């Protein structure tokens, strides 16, 4: 695998997609990792009884989707020494058990600075199997020069 460097990046460069299947096991594992045991995430019976959000299923933690999107960047550049310096996200649509989430990224800005300070901005998106956008994010990334 070739390491990504600042000079090798071009505007509108597409990063490799990351695809993740979501099931109740994945949601429960995220609950354990985050200590967030809210029934909207971990109690399918309750979600069905209250017809949660009109669908009657649990929903994944937003941070689960955030982690999926972040992995687009880390898979792309961490092995070669790149790192994220800033992340922001917006959750748009619930992610449910049975969804397949495809996360994508594209270089939207390139900022040359003095040595060691240059960075790129990656626009990230996540959509489910029907093409519904479930989240967006922006990552500021430093890459080796």
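Observations, loosely collected:
- The chain - mean residue ellipticity at 222 nm from DSSP helices (-39,500 (n - 2.57) per run, n ≥ 4, rounded to 500): -7500 deg cm²/dmol
- Once the Cα atoms are used to define both axes, helix 24-34 deviates from the longest principal axis of the chain by about 70 degrees.
- Extension gain for residue 13 to residue 32 (0.36 nm times residue separation, less C-alpha to C-alpha distance): 3.3 nm.
- Segment 88-145, Rg to Rh (Cα coordinates; Rh as Kirkwood inverse mean 1/r): 1.14
- 16 Å reach of a label modelled at residue 48, 7 Å along Cα-to-Cβ, counting backbone N of segment 87-106: 97-98
- Coordinate range along principal axes, alpha carbons of segment 56-98, Å, largest first: 44, 20, 11
- Relative to the compact-globule estimate of 2.2 N^0.38 Å, the Cα radius of gyration of the chain comes out at 1.18.
- Helix 62-77 and the longest principal axis of the Cα set of the chain meet at an angle near 30°.
Every read-out reported here was derived from the displayed coordinates using simple, explicitly stated rules and does not represent laboratory data. Predicted, not measured: the structure shown is a model, and the values here were computed from it. Neighbour counts are summed over all protein chains in view; Cβ atoms, including those assigned to glycine, are modelled from backbone coordinates with ideal geometry.
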